[in-house]
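We did not get these values from a lab; they are worked out from the coordinates using the rules stated. Since the structure is predicted, the reported quantities are computational estimates derived from the model, not experimental observations. When we count neighbours, we look across all protein chains shown, and the Cβ atoms used for this are built from the backbone with ideal geometry, even at glycine.
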Amino acid sequence: MYAVIKTGGKQYRVRPGDIIRVEKLTGNVGDGVTFSDVLLVSGEGDSRIGAPSVSGARVSGKIVEQARDRKVIVFKHKKRKGYRRKKGHRQYYTGVAIQDIEGGLSPDAPKGSEE
């Protein structure tokens, strides 16, 4: 079973047991987190596509890491003008271990999409 969730302006395909890096979320290591913006749920040959999200579907996980990514160097220059600027940036991220995908698939639900 897998799901597609949306958080931090990005979409992630997740399965139970996956560890994903998302834009920084508030919380401490060990805290639970729930993603309710689930765009698709699929499993056992059945899938539901949300319009825009699947009602009743939730993906729960646990925060395993709060850290900063590696440094990205931003270097600007203009040839023959003596203009040079160097900056660095480290993005904050949260590591989330996906524990469970709830709801979204039920025997009486229409197959293929959500109305």
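For this structure, a couple of remarks:
- The HN-Hα couplings worked out from phi for the stretch 11-26 by the Karplus form 6.51 cos²θ - 1.76 cosθ + 1.60 (θ = phi - 60°) are 10, 10, 8, 10, 10, x, x, 6, 10, 10, 9, 10, 4, 3, 10, 6 Hz, whole numbers, x standing for Gly and Pro.
- Taking only the alpha carbons of the chain, we obtain Rg and Dmax values of 19.4, 70 Å in that order.
- Shown here for the stretch 1-68: GluC sites (Glu not before Pro) in loop regions (DSSP other than H, G, I, E, B) with at most 12 other Cβ atoms within 10 Å, namely 44.
- When only alpha carbons are used to place a centre, the stretch 48-75 and the stretch 27-47 end up 9 Å from one another.
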